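Here the structure is laid out as structure tokens; the discussion comes afterwards.
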Amino acid sequence: MSLYDPINHLDHDRIIFFEGDTTITGDLDSDWAEAVLEELKENTSLRSVLIMIQGNLTVEGDILIGDYHPLLLVLGNVQCGVLKSGDDTIYITGDAHIKYAFFGNYNDGTINIDGTTYVPYVLNSNHASSIEPEGAILINLYSDLNDFFEYDYTREDLPRVFIPAVFDDRDDFDPWKFFDIIKAGQSPFNEGAKPARLIHEEELAGIIAGNIEEVLELDLSDKKWNVFPESIAQLKYLKKLNLSKNDITEIPAAIGELEHLEELYMEGCGVKTIDDAIGKLKKLRVLDLGANHYLSSFPDTFGELSELQVLKVDYIRAPLPESLSRLEKLEEISMYSCYRDVNDPAPFPEVLTGLKNLKRLDFRENKITEMPESILKIQPLEEFLWTGGSTQSQSFPDFTQFKQLKKLVISRKFNSWKERIFNISSLEHLGIDRNKEHKEYFNQETLEIWTEMAAEKDEAFREHLQWMQENKQLEADGRFSYILTPGMNPEELQDIYKLHQLKYLDLSFNDLAYLPDTFFQLERLEYLDLRYNKFPEEVQERINKAFPNTRIIWMGR
């Protein structure tokens with residue numbers, strides 16, 4: 001059984017075993033299995049039952065087990081009308097010849113068919129369907145994503161392509177009505193229905209057949225393309241191209257023929273490789289490759305994108321090419337969550353420090369070994385976003401040396417920045433939100449257990465336990481606590497008045513009860529977010545009166 005995962009991991013204490021090729025008249029379902037057990041004078045409970053066929057299985061009706069048991073293992077080929085895989089677990093080692101449709105429903109069960117599945121229709125609804133269909137129309141009933149298959153139709157297409165008879169009274173697609181229609185030899189499709197992908201291909205062909213000199217922008221985002229449409233290369237005058245949210249794994253050499261392209265958006269496409277020809281885009285100003293998680297490397301020809309101003313590579317761990325440092329016009333880089341693994345922090349991409357005109361760096365949610373002093377070489381830096389970031393090092397560069405820094409977003413990080421943040425006098429936008437106090441709670445019994453364990457633990461555990469005992473506080477409910485993360489104290493905002501240029505300030509989610517008097521010297525404030533604090537009415541009134549021309553957000557108190 002070890003060959004047939006996951007059946008080998010599931011309970012199958014009782015096996016209904018058929019030696020050789022087997023034919024079942026009617027449906028193979030739970031009623032059939034119970035009838036077999038009754039005929040054998042066995043307990044008719046299907047719990048822990050496996051149906052095992054040592055040979056080919058022919059079911060003259062449908063396979064509709066549906067529940068968690070019985071399990072089904074066929075060591076051969078299968079023939080049936082409809083095969084439904086739901087909460088059950090099915091493993092077929094050969095081919096499956098399904099006359100009408102395969103239906104994978106819900107996410108509890110699984111089906112594995114090692115051979116080819118010959119079937120005219122595959123309906124899938126968030127089901128782990130490990131099958132290789134041939135000649136099938138693939139339909140996703142659950143979502144608009146290509147989860148287990150590259151679908152012809154997804155949920156959003158259903159009302160457009162199917163006849164009303166396949167829908168129930170609530171206008172939901174009804175698989176059983178669908179089966180009845182195709183079993184009757186009728187088509188379930190509206191006349192002229194075709195996959196959205198084909199429609200978009202025809203639309204693109206029409207655009208290319210027209211006056212290409214007039215086509216300057218093209219939005220093909222979320223159009224179910226499964227390859228880069230190389231015919232786009234004929235649109236020689238194209239300046240802006242959006243192919244985001246398509247399943248395009250490769251940016252081919254044809255991209256280099258779009259010599260007038262200024263903006264290219266391919267966010268969330270599943271791109272794995274980029275051809276060197278991308279370096280031919282000498283007019284490209286904006287390149288968005290974010291959320292292409294499987295991209296393992298960038299071509300060195302990135303360094304030839306001499307006009308590039310904005311580069312977005314969010315969620316991509318691949319190292320930036322050294323050639324990037326040649327891009328003298330690059331002003332903005334977004335690297336949100338490129339290095340997410342706290343157990344495997346990455347080195348800071350040193351190539352960034354060679355960018356002579358970098359003004360905006362989104363480096364949120366990154367786990368790195370250290371923030372090097374060399375980041376201070378980026379003196380043109382005007383915006384730095386660092387929420388959710390962390391380093392292994394205790395040291396951190398002195399950001400007061402950035403003389404042009406205007407925007408700083410460091411949510412949850414006020415405690416480590418409070419000694420210097422108000423000395424960055426150039427700031428106009430400051431986010432120091434989400435700094436509530438967080439505690440760890442435990443009782444006396446737990447403390448005693450930890451104390452008994454200490455002798456068998458390492459020195460770090462014993463030191464931490466000692467620190468807990470010295471710093472624990474008694475709570476009103478009798479438990480103990482210690483502070484994991486200190487909250488923001490209003491008096492720690494005393495020096496905020498030094499930020500004479502401040503226009504935007506986010507102090508939300510800080511549990512503040514008042515603001516220091518020096519706060520009211522911020523005469524240029526245009527926007528103030530004070531949600532989820534604890535200001536009494538008199539404090540709110542004072543703030544409103546002091547800043548009559550400021551947009552103040554109070555919601556969520």
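Points to keep in mind about this one:
- In summary, the convex hull built on the alpha carbon positions of the chain has an orientation-averaged projected area of 37.1 nm².
- Span per principal axis, largest first, for the Cα atoms of segment 438-485 (Å): 32, 23, 14
- In order along segment 459-467, phi translates into HN-Hα couplings of 5, 4, 4, 5, 5, 5, 5, 4, 5 Hz, rounded to whole numbers, per the Karplus curve 6.51 cos²θ - 1.76 cosθ + 1.60 with θ = phi - 60° and x for Gly and Pro.
- Under 5 Å from the amide H of LYS99 lie the amide H atoms of CYS80, GLY81, each residue being 5 or more positions distant or on a separate chain, with H modelled from the backbone and absent for Pro and chain starts.
- For segment 7-183, convex hull volume per residue from C-alpha positions, Å³: 113 Å³
- Size of charge dipole - segment 196-330 - debye, nearest 20, with Cβ of Lys, Arg +1 and Asp, Glu -1, no other charges: 280 debye
- Per residue, the average separation of C-alpha pairs within less than 8 Å and at least 6 apart gives the chain a relative contact order of 5 percent.
- A dipole drawn for the chain from +1 and -1 charges on Cβ atoms has a positive end, and of ILE333, LEU522, THR391 the residue lying farthest that way is LEU522.
- Straight-line cross-link reach from LYS407 at under 12 Å between alpha-carbon atoms covers these aspartates and glutamates, not counting any fewer than eight positions away in the same chain: ASP362, GLU382, GLU383, GLU428, ASP506.
- With Cα atoms, 0 to 90° folded angle of helix 30-39 axis to the chain main axis: 50 degrees
- Charge-dipole axis of the chain as Lys and Arg at +1 and Asp and Glu at -1 on Cβ define it, positive-most pick from GLN309, SER2, PHE509: GLN309
- Most to least packed among 532-539, 141-148 [average Cβ atoms within 10 Å]: 141-148, 532-539
- Spatial separation of Cα centroids for segment 60-107 and segment 371-446, in angstrom: 56 Å
- Beta bridges per DSSP with both ends in the chain, % antiparallel, nearest 5: 10 percent
- With contacts taken as Cα pairs under 8 Å at a separation of at least 6 residues, segment 7-183 carries a relative contact order of 13 percent.
- Taking a straight Cα-Cα cut-off under 20 Å and skipping sequence neighbours fewer than 8 places away in the same chain, the lysines within cross-link reach of LYS280 are LYS236, LYS239, LYS240, LYS272, LYS312, LYS329.
Just so you know, all these numbers are worked out from the coordinates, no wet-lab data involved. Since we're looking at a predicted model, the values are computed, not measured. With ideal geometry, Cβ positions are generated from the backbone for all residues, glycine too; neighbour counts draw on all protein chains shown.
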